[in-house]
Amino acid sequence: MAKLQLNSIVKYANKLGKDPVVVTQDMAEEVYQAINRAVFRGTLPMPKIIVGNYAKKGFWGECEGLQRGSRWGEHYTKCISIEKHMPLKTLVRVMAHEMVHQWEWETHGVMTHGEKTFFIWKEDLLAKGIRLSIII
Ligand SMILES: [Zn+2]
């Protein structure tokens, strides 16, 4: 599959509006990689991405971080879980939100919705047409 640019994805997602799509594995991975390249300069190691029916469990996305070895061990991301049925625009926002959690975890060992490690990505994401918020 060709590498999709984030701005093409965001433009297309805005065109689709609120029409839900069935999120495929490829789609979720393309969105992850496009955000990683455009916003995180390709620095995030891609975790396992799991697409499933999570909305009925009460969430759209989830980032699961772990540590290797001792409490001082390396922080890494085991997986990002993503809901299967939502508009493409929502997928982009949910993925960006979870990727900020991945970045927080791997660089600071925390997952927050705070100003210091979460919302510092707000402007960079907004510049790409993605709104970072706590509630999707
Ligand atoms: Zn969150």
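Among residues of segment 53-68 that are closer than 21 Å to Thr24 by Cβ and modelled with pLDDT under 95, those with a beta-carbon under 7 Å from a residue that is part of a strand (DSSP E or B) and within 16 Å of the ligand (Cβ to nearest atom) at least six positions away or on a different chain give the pairs Ala55/Glu83.
Ile35 - would you say it is touching a helix residue (DSSP H, G or I) at 6+ places or on another chain (Cβ under 7 Å), in contact (Cβ under 8 Å) with a residue 12 or more places away in the chain and surrounded by 11 or more Cβ atoms within 10 Å (Cβ to Cβ)? Against the criterion (touching a helix residue (DSSP H, G or I) at 6+ places or on another chain (Cβ under 7 Å), in contact (Cβ under 8 Å) with a residue 12 or more places away in the chain and surrounded by 11 or more Cβ atoms within 10 Å (Cβ to Cβ)), Ile35 qualifies. Among the residues making up segment 86-103, those that are among the charged types (D, E, K, R) and in contact with a Lys or Arg (Cβ under 9 Å, 6 or more places away or on another chain) are Lys89, Arg93. Within segment 78-100, identify whether any single residue is free of Cβ contacts under 8 Å to residues at least 12 places away in the same chain and either within 18 Å of Tyr32 (Cα to Cα) or not in a helix (DSSP H, G or I) (or both), and answer yes or no. So far as segment 78-100 goes, no, none of its residues is free of Cβ contacts under 8 Å to residues at least 12 places away in the same chain and either within 18 Å of Tyr32 (Cα to Cα) or not in a helix (DSSP H, G or I) (or both). Applying the condition of being modelled with pLDDT of 95 or more and touching a strand residue (DSSP E or B) at 6+ places or on another chain (Cβ under 7 Å) to segment 105-136 and asking which residue is surrounded by the most Cβ atoms within 10 Å (Cβ to Cβ) yields Trp105. Criterion first (in contact with a Phe, Trp or Tyr (Cβ under 8 Å, 6 or more places away or on another chain), within 16 Å of the ligand (Cβ to nearest atom), at pLDDT 95 or above and not basic (Lys, Arg)) does Cys79 satisfy it? No.
The values are calculated or read from the model by the stated rules, or taken from the named source; none is laboratory data. On a predicted model such as this, the values are computed, not experimentally measured, just so you know. Note that we place each Cβ from the backbone using ideal geometry, even for glycine, and neighbour counts take in every protein chain shown.
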